[in-house]
Amino acid sequence: MMENNLITFRPMRKDDLDSVIDIDQLSFSMPWPVSAYMHDLNENPNALLWVAEMPSPDIGNLVVGMIVLWLVLDEAHIATLAVHPDHRETGIGSRLLEIGLIEAFNRGAREAMLEVRASNQAALSLYSGYGFEIVYRRPRYYRDNNEDALLMNLDNLEDLITKKKMMPYQMSRLQTKI
């Protein structure tokens with residue numbers, strides 16, 4: 001169980017990419033190429049990239065989750081969120097989502113949106129729990145199997161942060177027990 005492990009949440013770095021790519025490939029049938037992460041890390045000032053890491057006796061710290069958001073005017077677009085399969089259902093995904101939304105709010109976002117596979121019940125449950133609502137179905141959006149995407153919106157980030165008592169504090173590195 002993860003409750004005794006200290007999880008650190010921090011901005012993603014280039015040296016995290018091997019672990020991030022592994023998580024992406026384990027989580028999605030259409031993972032991002034390394035070049036997409038490199039672009040967001042190095043060239044996209046409107047991208048927010050965070051990781052969750054935990055101590056590992058073998059390698060020091062192990063990246064176990066990640067989130068990427070893009071800021072577009074006053075909107076946060078959640079581009080990807082994934083947790084390593086060995087560490088799911090521990091609260092890491094929820095905390096990454098909260099951190100991403102708080103950081104986006106701190107940078108001027110007032111609403112958020114995302115696309116999710118219609119069959120991804122775990123993600124739908126997570127996002128619904130934070131007030132995201134399905135606003136549109138994009139038929140045959142995913143090329144690998146022609147599955148529909150559901151577009152989900154959260155209209156009021158400030159209301160969510162207040163209601164869930166998520167504190168919009170300065171974040172460069174966060175540690176918490178999960």
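The values are calculated or read from the model by the stated rules, or taken from the named source; none is laboratory data. Remember, predicted model here, so these are calculated numbers, not experimental data. We place every Cβ from the backbone using ideal geometry, glycine too, and count neighbours over all the protein chains shown.
Scanning the range 41-59 turns up no residue that is polar (S, T, N, Q), at pLDDT below 95, within 25 Å of Thr90 (Cα to Cα) and surrounded by 13 or more Cβ atoms within 10 Å (Cβ to Cβ). Remark: pairs (first residue in the range 91-109, touching a residue at least 60 places away in the same chain (Cβ under 8 Å); second residue surrounded by fewer than 20 Cβ atoms within 10 Å (Cβ to Cβ) and in a helix (DSSP H, G or I); Cβ separation under 7 Å; 6+ apart in sequence or on different chains) = Ile102/Ile161; Phe105/Glu158; Phe105/Ile161. Among the residues of the range 12-28, just one is surrounded by 15 or more Cβ atoms within 10 Å (Cβ to Cβ) and in contact (Cβ under 8 Å) with a residue 60 or more places away in the chain, namely Ile23. Among the conditions (1) surrounded by 15 or more Cβ atoms within 10 Å (Cβ to Cβ); (2) within 17 Å of Leu154 (Cα to Cα); (3) modelled with pLDDT of 95 or more, Ile102 misses just one, which is (3). Going by the structure shown, is Val72 β-branched (Val, Ile, Thr), surrounded by fewer than 20 Cβ atoms within 10 Å (Cβ to Cβ) and closer than 26 Å to Gly131 by Cα? Taking the combined requirement at face value, the residue satisfies it.
When you scan the range 120-178, how many residues do you find that are assigned to a loop (DSSP other than H, G, I, E, B), farther than 24 Å from Pro85 by Cα and either among the aliphatic types (A, V, I, L, M) or modelled with pLDDT under 70 (or both)? Residues in the range 120-178 being assigned to a loop (DSSP other than H, G, I, E, B), farther than 24 Å from Pro85 by Cα and either among the aliphatic types (A, V, I, L, M) or modelled with pLDDT under 70 (or both): 8 in total.
Touching a helix residue (DSSP H, G or I) at 6+ places or on another chain (Cβ under 8 Å), touching a residue at least 24 places away in the same chain (Cβ under 8 Å), more than 18 Å from Ile21 (Cβ to Cβ) and crowded, with 19+ Cβ neighbours inside 10 Å: does that describe Leu81?
Details: touching a helix residue (DSSP H, G or I) at 6+ places or on another chain (Cβ under 8 Å): yes; touching a residue at least 24 places away in the same chain (Cβ under 8 Å): yes; more than 18 Å from Ile21 (Cβ to Cβ): no; crowded, with 19+ Cβ neighbours inside 10 Å: yes.
So Leu81 does not fit the description; no.
Each row is one residue, and each column tells you yes or no for (1) of a type in the set (Gly, Ala, Ser); (2) farther than 15 Å from Gly65 by Cβ; (3) touching a Lys or Arg at 6+ places or on another chain (Cβ under 8 Å).
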| residue | (1), (2), (3) |
| --- | --- |
| Thr8 | no, no, yes |
| Lys14 | no, yes, no |
| Gln25 | no, no, no |
| Met30 | no, yes, yes |
| Ser35 | yes, yes, no |
| Trp50 | no, no, yes |
